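Asks: One structure coming up, written as structure tokens, with questions to follow.
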Amino acid sequence: MTRENPMNKRTLQSVLLAAALAAIALAACVATEIGAESGMQAPQGNPAKEVSAASQEEGDLGEASVEQDLEALRIEIEYYTPSQTEGPFYPVQMPDDRDNDLFVVDGAGGRPAGEILVFEGTLYDGAGIPVPGAVVEIWQTDDNGIYMHPGDSNSSRRDVNFQSYGESETGPDGRYSFRTIMPGDYNPRPRHIHVKVRMDGRELLTTQFYFSKDSNAGPDRIFAGAGEEVSALIMEIEEGLDSEGNSVLMGRRDIVLRDILSE
């Protein structure tokens with residue numbers, strides 16, 4: 001029979017624990033001596049809490065800086081963007097590809113028919129402060145005047161190379177942008193792009209953008225329903241070049257909400 005070693009497991013654990021405690025004590029003494037020689041003080045308190053507090057302070061300063069930057073971009077309110085009907089063709093099912101480039105559809109075999117339209121703007125709240133982190137949605141007809149919606153009687157002829165719906169999240173300065181096409185002829189209504197603004201689960205605005213010099217605008221009851229505020233929905237279009245040197249139509253339309261979100 002093999003004799004058991006006199007230093008059993010319990011004794012060995014005690015020895016190892018004592019050695020570990022001695023090593024910790026020695027390290028503390030060395031750190032104290034080094035600190036004293038260099039004029040540095042040994043750390044006090046809970047370092048984790050101190051780091052957390054510092055991070056919190058940096059976060060507070062960062063938020064204050066962002067607020068100051070947005071305050072510097074404040075505009076004087078001259079109009080509010082009026083709301084308009086959503087209409088019957090808001091997508092029943094969102095497409096898998098719903099970014100802000102409606103001209104390119106993931107997996108599509110070609111490019112859509114129609115003139116490329118690049119437009120952008122800034123989203124402001126009711127105090128004239130840019131609104132970052134909101135989502136601007138658009139949906140519209142293709143070049144044939146057909147919506148991506150089963151309720152459109154001509155949906156079987158829809159241009160599958162056109163995305164029809166897109167989303168743009170406003171940046172730190174409240175800006176949004178889209179690349180799409182000029183909506184197709186949609187008699188008797190004027191050409192238009194539907195717009196919806198959402199943030200934090202709330203729907204802030206639903207409206208429509210129109211284009212200057214559209215002969216169908218005058219008699220259109222929805223267009224006229226905006227009254228004197230309708231000018232806030234009209235987009236002036238110019239010819240220009242995109243980042244790839246392609247000839248495109250370019251426009252701008254800021255959105256001014258009635259809600260004050262910056263306080």
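Asks: Assuming R0 = 41 Å, can you tell me the calculated FRET efficiency for the pair ARG74 and ASP96, based on Cβ-Cβ distance, to the nearest 0.05?
Replies: 0.60
Asks: So, one more: Calculate how many DSSP beta bridges within the range 116-256 are antiparallel, expressed in % of all such bridges and rounded to the nearest 5.
Replies: In the range 116-256, DSSP labels about 80 percent of beta bridges as antiparallel.
Asks: Moving on. From the Cα gyration tensor of the range 60-199, with a ≥ b ≥ c the square roots of its eigenvalues, which class applies: rounded if a/c is under 1.5, or else prolate if a/b is larger than b/c, or else oblate?
Replies: prolate
Asks: Just want to confirm a number: the relative contact order over the range 116-256, from Cα pairs under 8 angstrom separated by 6+ residues, in percent.
Replies: 30 percent
Asks: Going by how many other Cβ atoms sit within 10 Å of their own, how do SER164, SER177, SER231 line up, fewest first?
Replies: Least to most surrounded, the residues fall as SER231, SER177, SER164.
Asks: Give me the Kirkwood hydrodynamic radius of the range 214-262 in Å, from all C-alpha pairs, to one decimal place?
Replies: 13.6 Å
Asks: Work out, in µm²/s and without decimals, the Stokes-Einstein translational diffusion coefficient of the range 116-256 at 10 °C, 1.306 mPa s, Rh from Kirkwood over C-alpha pairs. Intermediate results must be reported in sequence, preceding the final value.
Replies: Working: Rh = 15.9 Å.
Taking Rh from Cα pairs, D becomes 100 µm²/s.
Each value in this text was obtained by applying a stated rule to the coordinates, not by laboratory testing. Predicted, not measured: the structure shown is a model, and the values here were computed from it. We place every Cβ from the backbone using ideal geometry, glycine too, and count neighbours over all the protein chains shown.
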